[in-house]
Structures are given as C-alpha cells and as structure tokens.
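The values are calculated or read from the model by the stated rules, or taken from the named source; none is laboratory data. The shown structure was predicted, so the numbers you read here are calculated from the model rather than taken from an experiment. So basically every Cβ, Gly included, is an ideal-geometry build from the backbone, and we count neighbours across all protein chains shown. When the accessible area is computed, the model is the full protein with side chains, heavy atoms only, and any ligands, DNA or RNA have been set aside. Shrake-Rupley method; radii C 1.70, N 1.55, O 1.52, S 1.80 Å.
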Amino acid sequence: MQLINVGFGNIVSASRIIAIVSPESAPIKRLVQEAKDQGRAIDATCGRRTRAVLIMDSDHIVLSAVQPETVAGRFDDDAAKEIEE
C-alpha cells in the first residue's frame, strides 16, 4: 500500500485518490461545501489556507494546505521509488 503525505504529517492512501484539484473554481468550492455539510470532508490543512482538494474513491474530500503540483510530485516520487525496489 502506497501512502502520500498531504502536508503536516497527514497521510492518505495513494490507491484511493481519484483526483487532485485546485480549490479556486466555483464547482470545486460547491463540491467542498457539500462534502462539509454531509460530513464527508476531511480537513488536513491544520488551520492554513486550502491549496489542494483530493477527491477520494470513498466519496470523501481531503483538504490539503500544499499545492496540487506538490502532492502530485510526491505521488510520482513514491511510485518511482516503489518501482526501483
């Protein structure tokens, strides 16, 4: 099982991630608000500004304080390390 650090020591399962998106667009803001209202949002920002939204296959939304490119880079780095092993 591959795990991805989404910032501040918070880790999610890489195999459960469907998409990593920016929270700036109106549709994503609505998606996040609906998830918060329904109790499906997991806030991993530690009080900081949300910079990435991870959409999980369990219909949960994970809010992260690191850039989407950073999370994707960690995903790629971990995948490369796993292949080398």
If we ask which residues in the range 10-69 are open to solvent by 40 Å² or more (accessible area, probe 1.4 Å), in a strand (DSSP E or B) and touching a Pro at 6+ places or on another chain (Cβ under 6 Å), their number turns out to be 1
Output the residues belonging to the range 19-43 that are within 13 Å of Val71 (Cα to Cα) and not hydroxyl-bearing (Ser, Thr, Tyr).
Ala19, Ile20, Val21
